[in-house]
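Encoded as structure tokens, the structure appears first; notes follow it.
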Amino acid sequence: MDRIQIRGGAKLQGVIPVSGAKNAALPLMIASLLTDQTLTLENLPRLADVSQLVRILGNHGVDYSVDGKRLGEEAMAGQTAHLRASAIVDTTAPYDLVSRMRASFWVVAPLLARMGEARVSLPGGCAIGTRPVDLLLMALEKLGAEIAIENGYVVARAPKGLCGGEIVFPKVTVGGTHVAMMAAALAHGSTLISNAAREPEVKDLADCLNKMGARIKGAGSSTIEIVGVARLDGARHRVLPDRIEAGTYATAVAMTGGDILLEGVQPDLFQEALDVLSQAGAHVSSDNRGVRVTRNGSGIAPVDISTAPFPGFPTDLQAQFMALMTRARGVSRITETIFENRFMHVQELARLGARIKLEGDTAIVEGVDRLAGAPVMATDLRASVSLVIAALAAEGETTVNRVYHLDRGFERLEHKLAACGADIERISG
Ligand code: UD1
């Protein structure tokens, strides 16, 4: 199993190209199941989760091809992929494929909408507390699906097709909103989604579906209206930049000091995180190339945060921000409101010398003067990158084990950081 070795202390200086967003790429790829025409996605990140989803979609009959590298293309440029589900050959998504990635459960929506049936294993994914799918199933039921759970599988049926309906989410759910939009796009009649997730990735999916011929209005706000259409076409769509990757590197430079241009990302995608980093002592500016984050001389100020659905502080940046706060001049409180049990990084950060106390859904972080390198273990995607951030500022050497979690969501992480002066390398095997 690969490890990442980091010798801390170097400031980050340079340009980091921001990849396409994993959390946009996955639902966009799944949307290819809605049509028998080709969906072309540009700026698709090279990630383990993307490859895993290619396997899952392949099982349903999606042909996948990637354009070769063009002359003059940068090594880190995202890829252009073509997905075509001319025919759905299997409406079952089996356990051994779905259990590795929670988002793959979302195939239930296009399979059901296009084929009138789907049999999808209950999901797995990151070990961050119980992550039920009750709201996703509720949304499908509101559109007329009959749902049963049989031997660990969700069996959804709508033999006469789905019908528009009113879906009120009692809690904001990104996956629930994706599923509702995809299903309603091909339903008979109109659907109204209330308390929809406002995440930029929801808007990105809606934009792509509309290019495919869907009639979706209001995505990006909490009310989405969809008028169902009989069929969808192919389209060409560019995956939006990864705000979580950008926020991660922004936090890294706030940690080490230095000057980084996050190329290709807009501040409005992660404004709340940038505001928090400014409060912590970083300087943030933006222009048409991207977002620049610097921190010179001054130390890190403690800031309290609480995670919230977009546009609030993203839960996917909570662990990274906690790593930063371990070096703040004082005490900060970090409250996790989206997922229970999303504090697995706490004990690993402690191995580097962090002082963190947990009180229910809040971590109380007492900043320390120095962190010291140690072997640590990655437990989930975002937790593992928080260890990288801490290691960049720790004295001596840190080895991050189980980096396959990082590979699920960060494209060429060690190359991007090394190009900016970090002393980081991957040790294979
Ligand atoms: C997505 C993101 C993930 C991010 C999360 C919250 C992708 C691939 N993943 O995950 O990175 O951390 O949004 O921003 O885009 N819930 C229920 N019942 C349900 C569905 C969700 O109770 O049926 C709960 C969850 O347990 C959680 C909350 O709702 O407490 C939000 O989850 P949700 O927004 O659905 O997360 P995902 O879409 O799985």
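None of the figures in this text is laboratory data; all of them are computed from the coordinates on show. Keep in mind the model is a prediction, meaning the values are calculated, not measured. Note: ideal-geometry Cβ built from the backbone for every residue, glycine included; neighbour counts use all protein chains shown.
If R0 is taken as 22 Å, the Cβ-Cβ distance between VAL89 and GLU42 corresponds to a FRET efficiency of 0.25.
Sites listed here are trypsin sites (Lys or Arg not before Pro) in the range 345-429 whose DSSP assignment is loop and whose Cβ has at most 16 other Cβ atoms within 10 Å: ARG370, ARG402. Calculate the FRET efficiency for THR335 and SER222 from the Cβ-Cβ distance with a Förster distance of 22 Å, rounded to the nearest 0.05. My answer for the efficiency is 0.50. Given an 8 Å cut-off on Cα distances and at least 6 residues of separation, report the relative contact order of the range 227-279 as a percent. It rounds to 37 percent for the range 227-279.
Across the range 22-232, C-alpha contacts under 8 Å between residues 6 or more apart give a mean separation that, scaled by the residue count, equals a relative contact order of 17 percent. Around the amide H of SER190, modelled in the peptide plane, lie the amide H atoms of GLY164, GLY228, all under 5 Å away and 5 or more residues distant in sequence or on another chain. Kirkwood-type hydrodynamic radius, the range 110-191: 12.9 Å, calculated from all non-identical alpha-carbon pairs.
With the cut-off at 30 Å, tell me which of the pairs LYS160/LYS217; LYS11/LYS171; LYS22/LYS69; LYS142/LYS217; LYS357/LYS416; LYS171/LYS357 have Cα atoms farther apart than that.
LYS11/LYS171; LYS357/LYS416
Here the extension length gained between SER51 and GLU141 equals 29.3 nm, from 0.36 nm per residue of separation less the Cα-Cα distance. The sum of -39500 (n - 2.57) across all DSSP H runs of n ≥ 4, divided by the residue count of the chain, sets its helix-only mean residue ellipticity at 222 nm to -8500 deg cm²/dmol. With a simple spin-label model that places each label point 7 Å from the Cα along the Cα-to-Cβ direction, the separation between ASP287 and ASP63 comes to 4.6 nm. Scattering from the range 22-232 was approximated by placing one identical point on each alpha carbon and applying the Debye formula without solvent; log10 I(q)/I(0) at 0.08, 0.16 1/Å stands at -0.24, -1.02. If you run the Gaussian network model on the chain, springs between alpha carbon atoms under 10 Å, then out of GLY14, GLY152, GLY367 the most flexible one is GLY152.
Computed over every Cα-Cα pair of the chain and binned at 10 Å starting from 0, the pair-distance distribution P(r) comes out as 5, 22, 31, 24, 14, 4, 0 percent. Applying both filters, DSSP loop and at most 10 other Cβ atoms within 10 Å, to the trypsin sites (Lys or Arg not before Pro) of the range 1-74 gives ARG70.
Given R0 = 25 Å, the distance between the Cβ atoms of ILE149 and ALA230 translates into a calculated FRET efficiency of 0.25. Beyond 21 Å, what percent of the Cα pairs of the range 1-124 remain? Pairs farther apart than 21 Å: 46 percent.
3J(HN,Hα) along the range 32-49: 4, 5, 7, 9, 8, 9, 7, 9, 9, 10, 9, 6, 7, x, 8, 9, 4, 5 Hz, from the Karplus curve 6.51 cos²θ - 1.76 cosθ + 1.60 with θ = phi - 60°, whole Hz, x for Gly and Pro. Across the range 139-144, rounded Karplus estimates of 3J(HN,Hα) from the backbone phi angles (6.51 cos²θ - 1.76 cosθ + 1.60, θ = phi - 60°) give 4, 5, 5, 4, 9, x Hz, Gly and Pro being marked x. Taking 7 Å steps out from each Cα toward its Cβ at ARG402 and ALA308 produces label points 3.2 nm apart.
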